[in-house]
Amino acid sequence: MDGIGRPIDLLGAWRATPLYLRIVAAVALGVATGLALGPQAQLLETPAKLVLRLLGALAPPLILLAIVQALMRAHLGGRQALRLVTLLLANTLVAILIGLAVANVVQPGRWTTAAPGAAPAKAAAAVDPLSQLLDSVPRSIIGPFSDNGAVMGVIFIAVAFGVALRGFKTHEVRTVEDLVHVALSSLIVILHWIIDVVPLAVFGLVASIVGVKGFGDFIALGGFFIAVLTALTLQFLYYCARIRFGSWARPRAVVAGVRDALLMAFSTGSSTATMPLTYERLRDKVGLREQSASMGALVGSNFNNDGTALYEAMSALFVAQLIGLQLSLGDQFLVVLTSVLASVGAAGIPEAGLVTMTMVFRAVALPTDYIALLLTIDWLLDRCRTAINVMGDVTVSCLLDGKVRAPQDHARDGAALQ
Ligand code: ASP
């Protein structure tokens, strides 16, 4: 989906280097620069702000189109569909509750040694050329159209889509589904551009934090990392228990059967790319009925991102703890609600959860600036939560298959089931 080709080799080389390597290098360089410049490094925060603003602007249309496309493509029918929706919702809620419980117990946000509330510095009040330029980058895709006179914003959007759509100009659009597909694909092209510059944002942010606040936030980030891994492990154990008691399959055999899919999810960071393999393994190695495998792994996987939901809720709590903000019960409920929606809307591609997270933060008025802090470790956590997302699809498939195993020849040809 490389819409614009490769105009210069530098860009090619940049893109050919794996994202995690770029981010690790950016963190190292950022620490060195922060130590060297001290509080002056605060100026380097600007790229991080820009990247976050762009991610925030992309979130609503991405969620909208991802859900529209998933619904248009899903082949659902009656009671099975209802069962699927109930299972998905229950698993996602459990994931979020596990995440919130672990974040409340471990309290990674309080591991910081920096003063609470010392947020990344607010932009200077005076209108300098830099902040004027920043202001012309739209905060949302439709914002500039409703804001009278926001011509710069409109131009910005026109250029982005104009270039992104160049890669699709010969695509035939015959049905509404084609139209939604092209719209979503062009958004994903733009998202990839933004992800390309994430290492720059990481560099600026790390330099600014180290320069202004020292290493306190990074100790907290280590705590958050451990807390997320703990919560994801608990979610995995929950899945195993659900499979053991809710289906004929045995967790050990299921995990062995789908091992390749879990590994692929971890290595690609994309549950959508893994989807065909998950489906095939469930059918041929685990021995589920055709219909259960396809409902759980193909239909369900479009909506089912428990690992993402858990991560988004934990991130919100972590940042609230970090800045010394008490989230009320109502706020935590809002976090649960928006995390469910954000995980449904997260496309199964690398880092999608980070984009939809802006929605959760905005719902409870948390500063989205802090999402940039998570950028430094997201490349690894994304892989872990993607594997859990796939394990969630596997679990739903097993539960849909029920407590009685289908005769094997039936399961394979997918005939006359249920
Ligand atoms: N990478 C995840 C997936 O493909 C989505 C996310 O970023 O949470 O399932």
Can you tell me, using C-alpha contacts under 8 Å and at least 6 residues apart, the relative contact order of the chain as a whole percent? 30
Going by the alpha-carbon gyration tensor, a ≥ b ≥ c the square roots of its eigenvalues, is the range 300-364 rounded (a/c under 1.5) or, if a/c is not under 1.5, prolate (a/b greater than b/c) versus oblate? prolate
What part of the accessible area of the chain, given as a whole %, is carbon or sulfur when the probe is 1.4 angstrom? 68
Could you tell me whether the range 178-310 comes out rounded, prolate or oblate from its Cα gyration tensor? Rule is a ≥ b ≥ c as square roots of the eigenvalues, rounded for a/c under 1.5, then prolate if a/b exceeds b/c, otherwise oblate. oblate
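So what's the net charge close to N389: Lys and Arg +1, Asp and Glu -1, counting the other residues with Cβ under 14 Å from its Cβ?
Values: positive: R383, R385; negative: D306, E312, E351, D382, D393.
That works out to -3.
Please label the shape of the range 273-418 as rounded, prolate or oblate, based on the square roots a ≥ b ≥ c of the eigenvalues of the alpha-carbon gyration tensor (a/c under 1.5 means rounded; beyond that, a/b larger than b/c means prolate, else oblate). Numbers along the way, then the final one.
Values: a/c = 3.56, a/b = 2.48, b/c = 1.44.
Verdict is prolate for the range 273-418.
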D_trans [Stokes-Einstein, Kirkwood Rh over alpha-carbon pairs] for the range 346-408, 4 °C, 1.567 mPa s, µm² s⁻¹: 92
Crossing angle, helix 176-196 versus the chain [Cα axis fit, 0-90 degrees, rounded to tens]: 50
Lys pairs in the chain, Cα-Cα under 20 Å, at least 8 apart or on separate chains: how many? 4
From the backbone phi of the range 332-344, what are the Karplus-calculated ³J(HN,Hα) couplings (6.51 cos²θ - 1.76 cosθ + 1.60, θ = phi - 60°) in whole Hz, Gly and Pro given as x? 5, 5, 4, 4, 4, 4, 6, 5, 4, 4, 5, 6, 5
Give me the angle, in degrees from 0 to 90, between the Cα long axis of helix 19-37 and the longest principal axis of the Cα atoms of the chain, rounded to the nearest 10. 30
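Over the range 237-374, give the accessible area per residue in Å² for a 1.4 Å probe, as an integer. Mind showing how you got there, number by number?
Values: 4660 Å² over 138 residues.
Accessible area per residue: 34 Å².
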Rounded to the nearest 10, the angle in degrees between the Cα long axis of helix 306-322 and the longest principal axis of the Cα atoms of the chain comes to 30
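The values are calculated or read from the model by the stated rules, or taken from the named source; none is laboratory data. Bear in mind that the values here come from a model prediction, so they are computed numbers and not experimental data. No Cβ is skipped: glycine too gets one built from the backbone with ideal geometry, and neighbour counts run over all protein chains shown. Calculation scope for accessible area: heavy atoms of the full protein, side chains included, ligands and nucleic acids excluded. Shrake-Rupley method; radii C 1.70, N 1.55, O 1.52, S 1.80 Å.
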